[in-house]
Protein chains: 2
Amino acid sequence: MTETKKSWQDISAAMLKHREQTIAAIEPAIPDPPKELPLNVTGIPKQLLPAEVISITETPTEKLLQKLASGTLSSTDVTKAFLQRAGLASKLTNCVTEMLPERALTRAKYVDDYLATHGKPIGPLHGLPISVKEHVSMKGLDINAGFVSWVGRIAPDDALILKLLRNAGAVFYVRTTEPQALMHLETDNNIYGVTVNPYNTALTSGGSSGGEGALMGMHGSCLGIGTDIGGSIRSPAANNGLFGLRPTSYRLPVGGWSATMLGSEHIVPVIGPLSTSLDGVKVFMKTLIDQQPWLYEPSLITMPWKDTSTASLLRKGSDGKRKLRVGILADDGVVKPHPPILRGMNTLISKLRSHPDIELVDFPPYKHEEAWRIISSLYFADGAAEEREAIDASGEPWLPLTKFIITDNPNVKNLTVSELWGLTQDREGYKAAYTQHWNTVNTGLPGPEAKAELRVEAMAERDKMVDVILTPTGPGCAPPHGCARYWGYTSQWNLLDYPSLVFPTGLKAGAEDKAEEGYAPRNEQDKYNFELYKPETYVDAPISLQLVGRRYEDEKLIEALEMISEVAGLPYKNQ
Amino acid sequence: MTETKKSWQDISAAMLKHREQTIAAIEPAIPDPPKELPLNVTGIPKQLLPAEVISITETPTEKLLQKLASGTLSSTDVTKAFLQRAGLASKLTNCVTEMLPERALTRAKYVDDYLATHGKPIGPLHGLPISVKEHVSMKGLDINAGFVSWVGRIAPDDALILKLLRNAGAVFYVRTTEPQALMHLETDNNIYGVTVNPYNTALTSGGSSGGEGALMGMHGSCLGIGTDIGGSIRSPAANNGLFGLRPTSYRLPVGGWSATMLGSEHIVPVIGPLSTSLDGVKVFMKTLIDQQPWLYEPSLITMPWKDTSTASLLRKGSDGKRKLRVGILADDGVVKPHPPILRGMNTLISKLRSHPDIELVDFPPYKHEEAWRIISSLYFADGAAEEREAIDASGEPWLPLTKFIITDNPNVKNLTVSELWGLTQDREGYKAAYTQHWNTVNTGLPGPEAKAELRVEAMAERDKMVDVILTPTGPGCAPPHGCARYWGYTSQWNLLDYPSLVFPTGLKAGAEDKAEEGYAPRNEQDKYNFELYKPETYVDAPISLQLVGRRYEDEKLIEALEMISEVAGLPYKNQ
C-alpha cells in the first residue's frame, strides 16, 4: 500500500477552500467585488456594505470601546460588522487565512450576556473584535507560520497573549496572512499567495504582519496583533497608514506562537499592536501589562505600565508645560528615502519647528550599515537550517524574498558557539556606542568616536538629551511587490531594542513627489532604491513616519506622539 | 637568540612577591601573626592591631558612612584602618591579590579635602573603603581572572561599576582572590594558592568571591564587590557569616570585567555586594541604580531603585501592619542539608512561627535536579574551550574543582547552535513551570504538574502568594577544602534569575550538631554530602541562610529580610 504524499499545490488548494468556506459562513453573505477594480480599493466597502457596517467599522477604536462598555453597541453587532468588512477585505486584498464567524459570535453573545447580567463590562477590551496574525496560536486551529509543510499543525492551546486579551473582554474573529518563513517585509507565501496593499494593489501591504496591515487598511479591523524582528509590525503599519508599535522586548508575552528558531535570543522577536488609532495601541499595551504577564511568562520584565494620564513622562518646559526634544534622523546615511517620505518628514518638521513646546535637534545616524551586518548575522545563527527544512519538506518553491534574506545574504552562516559569542559582543558593543551617541548628541559630552575612556557624567546632562527620534519607516512608501529589500529603517531599532512607533501623516504619495535628478547613489542598495522610484508607481501610497524612544520608554514614546499629533495638527491632507 | 618562556611557577612567584611588596608598603607595618595559630583566626586582629583600628573596622557600614559624611571620621583614618586590617587578613587567610595603599590614601585625601572645601560629602559612599574582586578591572592593574596565562593583562580602564562607586565617594584599597576559571565554590588558584576560612582555616572561604568572603569575615572590609553565576557571591557570604546579594540580572553593570565567555548570555553572570551589614548591601544597590547605569550599559533594565523607606513593598496585614508570607524550603529534595543548617532553619522558623505579622508556608522544591542539568549544560556552551585554552597556555595544573565542573561534568559539550536553542527552550520551560509553582503553592490554582492548559487567573490570587522563600545557602556550612561539590542551593536561583540574599543567623556549627544516624542517602551527591559531615569538622563555621525573591523584586527581598531580622531577633548567639 502506497501512501501518496500530497503536493504543496494540493495542500494550498485545500487551505484556500477552507478559507472560502469560512468566508461563505458569514451572514449575511459577503458581496463579491466587481471584476474591474481600481488600484485603490479602499473605497469599495462603502459601495457594497450597509451604512451601519461602515459606521461601526470606521468608529475610532477608543469610541468603539466606550460604546461597547456602555452597551450603546452590542458586541454581537460590532463583531458582525467587522466580520462583514473583513470578509470583503479578504476578497479585495487576500489578507485573511480564515474567518471565525461561529467562534466570534458565540463569544460576542457571551460578552453581551455578561454585560446584561453583571451590569458592567468584562474588562477594558469588552466586546472588541481583535484580528490575529496566523502564527499566534489559537486552540484547535492550524498554525503553519507560512510554511506549507507545517499545514496541519494544530495549536494545543491559545497563546498567552490571547488569554490575557480575552480576560479583558476581546473577541477573536479573523486570522491574517504572513509570508514564507515570516521573514519578508512583504506578505507572500505558497499557501495563500500575495497580500496586496488596499491603497494601491500593485504595491505590497508590507510584512511580515502584512495580513493585519491590509485588513486594517481596509477597516476590516481596528486593532490587531503583529510580530516584529526586523520591521514586521512597522512595515505593514506604515504601508497601510496605521499606527503600529514595536515595544521594547520582554514587555509583552510571546508564549505560544509558532515559529522557527524557538530558543534563539540573539535578536529578540516581539509581539505588538497595529491599530487604526493611537489609543488602540495604548489600550492594548496597558491592558496586557496591567495583567502582570510576568506571572506567566518568566522572561518578561516586572515593569508596570506607567499611566501617562496621571503623570507626564515628558520633560516640562520652563513655563511648566511639556517641552519635547525631538531628534531628526531623516536619512540613515545608507539608503536615501524617496521624495514622498522626505516630504512627509519636512511637512511635519515645518509644523514642529515653530512650536514653543518642541525643540528639534539634528540626530545624525551612527554606523547604521554596521547594525545591519550584526543583525543579519544573528537572525539565522544555525545557518537557517530550520527554515530550509521547513520549506524543503513540502517541495514548495523558495520565494524571491526568502532567497534574498537567507541564501543571498552573505551573513547567514551556521555559527559555532564561539562565533555566536563574538557577534553578541559586537551587538553589545554597538548598542553601547549608540547609547553613548544618544547621550551626547545634544549634550556636549564626548561621543562614541572619541577614544577617551567611558565617562559617567551623562546623568547630569539628562535634561539636555533627545527624548525621541523622528525618522522614516523605510526608504520609501510601500514598494511594488517583491521590492522590499532594505530593512535598515526598521531593523536598526530591533538591534538596539528601542521601542518604535509608526504613525500615518495622513499624506499620500502622488505626482507632486518628483524623482530627484542627477542623484549619485552611495552604494548598491541606494542605487536599487533610487531606481525603484517613479512617482506614478506609488500613487496613493500612505506616507508614514516612525518615532523611536529609548529602551523601556514605551509609555513616554506614546505620550510624545500624542503631544506631537496635537501640536502639529496630525493627520494632514494632501493639498 | 632564544626567549625562555617563564614557567607558571615563576609567574606565580613574581605575583606573590608583588603582593608582599604592596603589603609591606602599608604604614605602620602590618604585624606578623604568631606561627602557631588556632583554627579560628578571627580573634587575632584584636591581639595585634591598635584599638582604634579595631573600633573603626568593626563599626557597622551604615554608621561608618554617617561618620564619614559628617566628618566625624576622616576617610584617611578609615582607609588606614582597613588597610591595616586587610593586610593582616591577607597574612591569615590568603585573601588578597594586592593592596593599594598609595592609590587609596591619595584618593582618601581627595575625599577629605572635598568635604573640607565644599562642606558636603561627594555622595552616599563618601570616603568608604570598598574591596574589589580581582577580575573587576582597575585601570593599569593586572586582570588575570585566576589564570596564570592571563597574568600581565593590564586593565585599560576601570570597570563601569567602579566609576559609579567612585562617583559616589568610594575609595578602593584592596583586590581579592578568586579561583581558577572563576568557577569553584571555593577559592584556589595556581597564582595565589588557597584562600582559607577565618572561622576555621581547615574549611574553605567559599568562592568564587572567596577573597571577599575571607577578607570581610576578618573585618578587613565592610563592603565589597563579588560576582555570581552559580553561587559565587552567596557561598563566600554564607561561609564567612556575611550578607551577600545576587541581584536579578541586568540591574547592576558588569561592563569591564575580565572573564572567559564574554558574549555568552545563556546563563547571565551578575555582579553584586557582600557586606558585614544588610544596610551595606542596600546602600550599594541604591547608589549604583540611582546613577541610571542603563545610560552606559545598554543591556541593563531601566528600572529605578524602589525606596522602601518611603513605601513598603510588602503586603499589609488586616491590621494595617506588614504581614509577610514566607515559603519554607528546607531541603531541595536532592541533597539533604547537614544538621547545623537544619538547626539554623529551625531556630529561625520557631521565632517566626509565633509572630502575628508572619505566615509560614511549606514551599516544596520543584525538580531541582532538572535545574542543575540545564544550568550545567549551559555554563560552558563552547565545551569550555576558552577555559581549556586559558589554563593550558601556561602549563599550570588543572585544579580538582576545575576538573569537577568542566572535565568530569558530563553536561559540558561544544554545542551546536541548534542544541543551544534546545537547551534555552528547556531553560525557559523550566522557568515557566517554576513560576507556576510559585503562583500556586498557596493559592489552590493548578500547579505545573497539572496537565491542564495554562491558566491566567494567577493575578487574582496574588495576595495569597508567597512573598519570599527561606532556604539554605548550601548543603552544609563551609566545607573542608576541595569538597564544595554541590551547587544546587545557589545555582537554582541563578537559573531562575531570582534575587537571593544570604544572611548570617549568628549561630555557629559545633559539637551539638550530631550527625544523623542510619540515614539512607538518596543518590551519589547526597551520599557524598552525608559522609562529609562530622561535627568536629565544622567547628565554628557560621550558619547562614538564604532568602529568595521573585525576579526583579530585589528591593522587596531586602525589606523582607529587614522585617524578619526585626521580628525574629536576628542575629542569634549559640546557647
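Once the convex hull of the alpha carbons of chain A is built, what does its volume come to per residue, in cubic angstrom? Show your work: numbers first, answer last.
Details: hull volume 96.2 nm³, N = 575.
Value for chain A: 167 Å³ per residue.
Mark the label point 7 Å from the Cα of A:ASP10 along Cα→Cβ and return the residues of the range A:163-199 whose backbone N is within less than 17 Å of it.
Within reach of a label on A:ASP10, which here means backbone N under 17 Å from a point 7 Å along Cα→Cβ, the range A:163-199 contributes A:191.
Across the residues of A:276-286, average count of Cβ atoms on other protein chains within 10 Å? Intermediate values should be presented prior to the final figure.
Numbers: counts 0, 0, 0, 0, 0, 0, 0, 0, 0, 0, 0.
For this peptide, the per-residue mean of nearby foreign Cβ atoms is 0.
Find which of B:TYR528, B:GLY119, B:GLY226 sits farthest along the positive direction of the dipole of chain B, computed with +1 on the beta-carbon of Lys and Arg, -1 on that of Asp and Glu, about the Cα centre.
It is B:GLY119, whose Cα lies furthest towards the positive end.
Karplus couplings for the range A:370-379 from phi (6.51 cos²θ - 1.76 cosθ + 1.60, θ = phi - 60°), rounded to Hz, Gly and Pro as x?
Per residue, the Karplus-derived 3J(HN,Hα) values read 5, 4, 5, 4, 5, 5, 6, 7, 9, 4 Hz.
Simple spin-label model, 7 Å along Cα-to-Cβ: A:ALA202 to B:ARG522 in nm?
It works out to 7.1 nm between the two label points.
In sequence order, what are the phi-derived ³J(HN,Hα) couplings for the range A:258-274 according to the Karplus relation 6.51 cos²θ - 1.76 cosθ + 1.60 with θ = phi - 60°, rounded to whole Hz, with x for glycine and proline?
Result, ordered by residue: 9, 6, 6, 6, 4, x, 7, 10, 6, 10, 8, x, 10, 10, x, x, 10 Hz.
State the extension gain, in nm to one decimal, for the chain segment bounded by B:ARG103 and B:ASP319, taking 0.36 nm per residue of separation less the distance between their alpha-carbons. Don't skip to the end; give the middle numbers.
Values: separation 216, 0.36 × 216 = 77.76 nm, distance 5.38 nm.
Between B:ARG103 and B:ASP319, full extension yields 72.4 nm more.
Would you mind working out the magnitude of the charge dipole of the range B:1-57 relative to its Cα centre, with +1 at each Lys and Arg C-beta and -1 at each Asp and Glu C-beta, to the nearest 20 Debye?
Details: 6 positive and 7 negative charges, 37 e Å.
Here the size comes out at about 180 debye.
Do any GluC sites (Glu not before Pro) in the range B:26-65 lie in a loop, going by DSSP, with at most 12 other beta-carbon atoms within 10 Å of their beta carbon, and if so which? Kindly include the intermediate steps, with their values, before the conclusion.
Values: sites: B:GLU36, B:GLU52, B:GLU58, B:GLU62; in loops: B:GLU36, B:GLU58.
Sparse-neighbourhood loop GluC sites (Glu not before Pro): B:GLU36.
For B:GLU512 and B:GLU389, calculate 0.36 nm times their separation in residues minus their Cα-Cα distance, and state this gained length in nm to one decimal. Intermediate values should be presented prior to the final figure.
Values: separation 123, 0.36 × 123 = 44.28 nm, distance 4.70 nm.
Length gained, B:GLU512 through B:GLU389: 39.6 nm.
Considering only DSSP states other than H, G, I, E and B, which GluC sites (Glu not before Pro) in the range B:459-546 qualify as loop sites with at most 16 other Cβ atoms within 10 Å? Before the final figure, lay out each step's value.
Values: sites: B:GLU461, B:GLU512, B:GLU516, B:GLU517, B:GLU524, B:GLU531, B:GLU536; in loops: B:GLU512, B:GLU516, B:GLU517.
Filter output for the range B:459-546: B:GLU512, B:GLU516, B:GLU517.
Quick one: 3J(HN,Hα) in Hz for the range A:456-463, Karplus 6.51/-1.76/1.60 with θ = phi - 60°, rounded, Gly and Pro as x.
Ordered by residue, 3J(HN,Hα) equals 10, 8, 3, 4, 5, 9, 3, 5 Hz.
Using modelled backbone amide H atoms (1.01 Å from N, in-plane), which distant-in-sequence or interchain residues come within less than 5 Å of A:THR505's amide H?
A:ILE543, A:SER544, A:LEU545
For the range A:14-58, which trypsin sites (Lys or Arg not before Pro) are in a loop by DSSP, counting at most 14 other Cβ atoms within 10 Å? It would help to have the intermediate numbers written out before the result.
Numbers: sites: A:LYS17, A:ARG19, A:LYS35, A:LYS46; in loops: A:LYS35.
Here the sparse-neighbourhood loop sites are A:LYS35.
Along Cα→Cβ at 7 Å, what distances in nm separate the B:GLU512 label point from those on the other copies, shortest first?
8.8
Can you list the copy-to-copy distances for A:GLU566, using a point 7 angstrom from Cα toward Cβ, in nanometres, shortest first?
Values, ascending and in nm: 4.2.
Report the calculated FRET efficiency for A:GLU562 and A:THR407 (r = Cβ-Cβ distance, R0 = 45 Å), to the nearest 0.05.
After rounding to 0.05, the efficiency reads 0.55.
Roughly how many debye, to the nearest 20, is the charge dipole of the range A:9-295 about its Cα centre, given +1 on each Lys and Arg Cβ, -1 on each Asp and Glu Cβ, and no other charges?
Values: 24 positive and 25 negative charges, 96 e Å.
I would put it at about 460 debye.
Would you pull out the residues with amide H under 5 Å of A:THR97's amide H, same chain only if 5 or more places away, H placed 1.01 Å from N?
Amide H neighbours of A:THR97, under 5 Å, 5+ apart: A:ARG175, A:THR176, A:THR177.
Rounded to the nearest 0.05, what FRET efficiency do B:GLU36 and B:ASP290 give with R0 = 51 Å and r taken as the Cβ-Cβ distance? Could you check?
On the way: r = 49 Å, r/R0 = 0.95.
So, using R0 = 51 Å, E works out to roughly 0.55.
To the nearest 500 deg cm²/dmol, what mean residue ellipticity at 222 nm is calculated for chain A from DSSP H runs of n ≥ 4 alone, each contributing -39,500 (n - 2.57), summed and divided by the residues?
Working: 18 runs with 207 residues, N = 575.
Dividing the helical sum by the residues of chain A leaves -11000 deg cm²/dmol.
Order of B:478-485, B:221-228, A:469-476 by packing, highest average Cβ count within 10 Å first?
Descending packing order for the listed peptides: B:221-228, A:469-476, B:478-485.
Between copies, how far does the label point of B:ALA24 sit from its twins, in nm, shortest first, when each point is 7 Å from Cα along Cα→Cβ?
9.7
Which of B:LYS17/B:LYS109; A:LYS316/A:LYS556; B:LYS306/B:LYS351 have a Cα-Cα distance over 21 Å? Could the numbers behind the result be given before it?
On the way: B:LYS17/B:LYS109 28 Å; A:LYS316/A:LYS556 13 Å; B:LYS306/B:LYS351 29 Å.
Too far apart for the 21 Å limit: B:LYS17/B:LYS109; B:LYS306/B:LYS351.
For A:TRP257, enumerate residues with amide H under 5 Å from its amide H, sequence gap 5+ or separate chain, H modeled in the peptide plane.
Result for A:TRP257 returns A:SER137.
Residues of the range A:288-305 losing 50 Å² or more of accessible area relative to the isolated chain, 1.4 Å probe, heavy atoms only?
A:LEU295, A:TYR296, A:PRO298, A:THR302
What number, in percent, do you get for the relative contact order of chain B if the mean sequence gap of Cα pairs under 8 Å and at least 6 apart is divided by its residue count? Please list the in-between numbers first.
Working: 1258 pairs, mean separation 87.0, N = 575.
Once divided by the residue count of chain B, the mean separation gives 15 percent.
Summing both sides, how much accessible area is buried between B and A? Use a 1.4 Å probe and give Å² to the nearest 100.
On the way: alone 22520 and 22480 Å², together 40490 Å².
Buried surface at the B/A interface: approximately 4500 Å².
How large is the dipole of the protein assembly as shown about the Cα centre if only Lys and Arg carry +1 and Asp and Glu carry -1, each at its Cβ, rounded to the nearest 20 debye? Walk me through the numbers before you get to the answer.
Numbers: 116 positive and 136 negative charges, 402 e Å.
That gives the protein assembly as shown a dipole magnitude of about 1940 debye.
The values are calculated or read from the model by the stated rules, or taken from the named source; none is laboratory data. Being a predicted model, the structure only gives us computed values, none of them experimental. Methodologically, a virtual Cβ is constructed for each residue, glycine included, from the backbone with ideal geometry; neighbour enumeration extends over all protein chains shown. For accessibility, only protein heavy atoms count, side chains too; no ligands or nucleic acids. Shrake-Rupley method; radii C 1.70, N 1.55, O 1.52, S 1.80 Å.
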